[in-house]
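Asks: Okay, handing you the structure first.
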Amino acid sequence: MPKRYLSIWFPHFATDRLVRLHPELWDNPFLLYAPERGRMVVRASSRALSKEGIKPGMVVADVRAILPSVEVFPDDPAAEGKLLKDLAEWCLRYTPVVATDPPDGLILDLSGCSHLWGGELAYLESITTRLHKGGYDVHGAIADTIGAAWAVARYGRNNPIVEPGRQADALHALSPAALRLDPFILQRLEKLGFRQIGQLTGIPRTNLRRRFGDALLSRLGQALGTEPEVLQAVQPAPVYQERLPCLEPIRTAGGIEIALKRLLEMLRERFFREGKGMRMGTFKGYRIDGETVQISVGTNRASRNVAHLFKLFELKIPDIEPALGIELFVLEATLVEDVSEAQEALWGMGNSDQAAIAELLDNIAGKMGTKAIHRYLPQEHHWPEHSIKEVTCLEEQPETEWRTDRPRPLHLLPRPEPIEVMVPLPDYPPLHFRFRGEIIRIARADGPERIEQEWWLQTGPPRDYYQVEDESGARYWLFRLGLYGGERNQWFIHGFFA
């Protein structure tokens, strides 16, 4: 069977990931930055910003000089790599062979698959349409070779489907950059006047090798199909699932509990063999009337302790309605992580703080929901609202120390809220302020503490923070934005002390 490949390209992959997390950024110009040689450099720009001519490689300070209102965020290659792998696993529903093409693409071997969707065009449209609906800007192309599909997806302007055996025609008018060459080789080709791939195909191989080395010949051969190229396909995640059929339909809570314990013990044996533990799990019951009932739990760290996991599920067993009876039980660990031997040893130790904390948090989450629990770690940023980040795992460790040289409020507002104040003199704290319709009179105050913006990211007025206490003893964290008497002078409340 002849090979056919689909190349998927996400032109704004990094920024699309951020927009999916923060939909309010959809129409806003913003960029992602990373340090390079002592300066902050643009790694990716949003769709709105790309229209302004802002490209990767530009200096952030220069961009802010052109567009002062642009928002900036740190680049996160690890998160982008994980998302790309997740998308590759999602594409396994279309073909069993999918590979990531970092930093912003996927390669699918669709040989023998496209007819199930009614042809290659319908196959391509099905994938790209669903990715568009998911919030991604996406382009795709199909060809006999990985190189040709890659080139047409990124540089093609006409038909995204290259007919079998016609990759040379499809590549003829494209730029040499479509061959996935190093910038150094592209610069040499540019200096020598090579503007199209078709100009290279008629030159003897010995001449090309002498001037440009083997890399050019290899990429050209891979695109035309004269040299092989192997995909490093992603492997589908293993399914951690156990099934328990019943001789007689189960109608009682006691019977459901017995089935759950047995399934947990069966799953634990596999966890021990593979050194894994459950982070999220789903317990399903298939009723004889054709309906399915289920409950799900999550843990703060991977666990294979049957007693602990049973307690988490037990809280939700009353939600299972057996009706006429359940004839099949299924337990699936939907999220699995590695469990170290040191971590496993903690379960039998009464003085283990980490194990006790994990159990306590799991029990709270089971009763109040996972949204009731938040864990924060410090970040290296000046602005208080950016100096912390929320994490979901107990195992993640801080990259920097918590700041303790200055007092900080126990409750920090996600966004500072504007207030009306009465100030007697410049650089003095307010005498009173109005917050949410209530006038609060200040008895004591301390400050100011000036916090500047990070000049390498953005410019703007500083903040002067004051700790104030009202007549009843409640303490607040207020700040004035900008220097006293300036045009943008405003007051905000940012937090509450214990």
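Asks: Please go through region 272-291 and pick out each residue that is of a type in the set (Gly, Ala, Ser), over 20 Å from Asp362 (Cβ atoms) and in contact with a strand residue (DSSP E or B) (Cβ under 9 Å, 6 or more places away or on another chain).
Replies: Gly275, Gly285
Asks: For Val234, work out the one condition from (1) of a type in the set (A, V, I, L, M, F, W, C); (2) farther than 29 Å from Leu186 by Cα; (3) not in a loop (DSSP other than H, G, I, E, B) it doesn't fulfil.
Replies: With respect to (1) of a type in the set (A, V, I, L, M, F, W, C); (2) farther than 29 Å from Leu186 by Cα; (3) not in a loop (DSSP other than H, G, I, E, B), Val234 is out only on (3).
Asks: Working only within region 282-293, note down all residues that are surrounded by fewer than 22 Cβ atoms within 10 Å (Cβ to Cβ), in a strand (DSSP E or B), in contact (Cβ under 8 Å) with a residue 24 or more places away in the chain and of a type outside the set (A, V, I, L, M, F, W, C).
Replies: Thr282, Lys284, Tyr286, Arg287
Asks: Can you say whether Arg20 is within 21 Å of Gly105 (Cα to Cα), touching a His at 6+ places or on another chain (Cβ under 9 Å) and not assigned by TED's automatic domain parsing to the domain that holds Gln453, as far as the supplied structure shows?
Replies: Working: within 21 Å of Gly105 (Cα to Cα): yes; touching a His at 6+ places or on another chain (Cβ under 9 Å): no; not assigned by TED's automatic domain parsing to the domain that holds Gln453: yes.
When the stated conditions are applied, Arg20 does not pass them.
Asks: Just a yes or no: is a residue in region 77-92 in the same structural domain as Tyr136 (by TED's automatic domain parsing), in contact with a strand residue (DSSP E or B) (Cβ under 9 Å, 6 or more places away or on another chain), over 22 Å from Val138 (Cα atoms) and touching a residue at least 12 places away in the same chain (Cβ under 8 Å)?
Replies: no
Asks: Just for region 96-152: of the residues that are touching a residue at least 60 places away in the same chain (Cβ under 8 Å), surrounded by fewer than 18 Cβ atoms within 10 Å (Cβ to Cβ) and small (Gly, Ala, Ser), which one is farthest from Ser46 (Cα to Cα)?
Replies: In this case the residue turns out to be Gly112.
Results for (1) of a type in the set (A, V, I, L, M); (2) surrounded by 15 or more Cβ atoms within 10 Å (Cβ to Cβ), shown as yes or no for each residue.
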position: Val41; (1), (2): yes, yes
position: Arg47; (1), (2): no, yes
position: Val59; (1), (2): yes, yes
position: Asp62; (1), (2): no, no
position: Val72; (1), (2): yes, yes
position: Pro77; (1), (2): no, no
position: Gly81; (1), (2): no, no
position: Trp90; (1), (2): no, yes
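Asks: What residue, of Arg270, Arg279, is farther than 30 Å from Leu324 by Cα, in a strand (DSSP E or B) and outside the structural domain of Ala143 (by TED's automatic domain parsing)?
Replies: Among Arg270, Arg279, only Arg279 is farther than 30 Å from Leu324 by Cα, in a strand (DSSP E or B) and outside the structural domain of Ala143 (by TED's automatic domain parsing).
Asks: Same structure, new question: Search region 405-429 for residues that are farther than 20 Å from Glu390 by Cα and pair each with any residue that is not in a strand (DSSP E or B) and not basic (Lys, Arg) when their beta-carbon atoms are under 7 Å apart and the residues are at least 6 apart or on different chains.
Replies: Val421/Pro430; Met422/Pro430; Met422/Leu431; Val423/Pro430; Pro424/Leu431; Pro426/Tyr484; Pro426/Gly485; Asp427/Tyr484
The values are calculated or read from the model by the stated rules, or taken from the named source; none is laboratory data. Since we're looking at a predicted model, the values are computed, not measured. Reconstructed Cβ throughout: ideal geometry from the backbone, glycine too, with neighbour counts over all protein chains shown.
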